[in-house]
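Following: one structure in structure tokens, then a few remarks.
The values are calculated or read from the model by the stated rules, or taken from the named source; none is laboratory data. Since the structure is predicted, the reported quantities are computational estimates derived from the model, not experimental observations. FYI the Cβ positions are ideal-geometry reconstructions off the backbone, even for glycines, and counts take in every protein chain you see. Heads up: the accessible areas ignore ligands, DNA and RNA and are worked out on the full protein's heavy atoms, side chains in. Shrake-Rupley method; radii C 1.70, N 1.55, O 1.52, S 1.80 Å.
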Amino acid sequence: ENENYVQDTLKWLSEDELAWTPKPHSNSIIFLMWHLARIEDLWINRILKGVKEICETEGWYEKFGTSVGDNGFANDVAKLKAWPVPPLKLLNDYKTAVRKSAVAYIGSLTEKQLDEPKDFGWSKGTVGSALKHLICEVGEHSGQIGYIKGMMKGIEPPPVIQPPLKK
């Protein structure tokens, strides 16, 4: 459902609107979409499955013009301005590959596996706590995407105001 929300938010946005930022130190919609795909790839593949990320194994980082480990965490203004804005089609193809891997992995999990301990590299948790973190981050950034679009365009389409019912 989240993916449907994001795709609905993107309807009728131009490439310039996708790359627009409210302030120099802010993220654009397309950057947030890329970051969402990158963190899903990171959490599912590297952290939970213990394999290389799809971004690396399928050469997506080269297609995006980024470094292999770049995922958008803690970018400063200079790095945000230098980030190469990818075409939406390219980003959607990457997101589709990542989501396919995530759905297959999550579908294979048993209830017992959710309690398995995992070392995230910067902290420790379980498979379940990693998935909870991923869900929260996806929700957070998806909301930011909607908010940025609202800053640019307001509510689309504008609400229809119904006249009061006659008695």
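Cβ-Cβ distances below 9 Å connect the following pairs, each with a first residue in segment 109-136 that is more than 25 Å from His35 (Cα to Cα), a second residue that is exposed (fewer than 12 other Cβ atoms within 10 Å of the Cβ), and a separation of six or more residues or different chains: Pro117/Lys124. Look through segment 1-11, keep the residues that are of a type outside the set (D, E, K, R) and closer than 16 Å to Lys89 by Cβ, and return whichever of them is nearest to the chain's Cα centre (by Cα). For segment 1-11, the residue satisfying everything is Val6. For segment 77-94, the tally of residues that are open to solvent by 20 Å² or more (accessible area, probe 1.4 Å) and either without any contact (Cβ under 8 Å) to a residue 24 or more places away in the chain or assigned to a helix (DSSP H, G or I) (or both) stands at 12. Looking across segment 119-132 at every residue that is in contact with a helix residue (DSSP H, G or I) (Cβ under 8 Å, 6 or more places away or on another chain) and modelled with pLDDT under 95, the one that is least open to solvent (accessible area, probe 1.4 Å) is identified as Phe120. The number of residues in segment 59-76 that are within 16 Å of the chain's Cα centre (by Cα) and part of a helix (DSSP H, G or I) comes to 3. Would you say Leu13 is part of a helix (DSSP H, G or I) and surrounded by 13 or more Cβ atoms within 10 Å (Cβ to Cβ)? No; evaluated as a whole, the condition is false for this residue.
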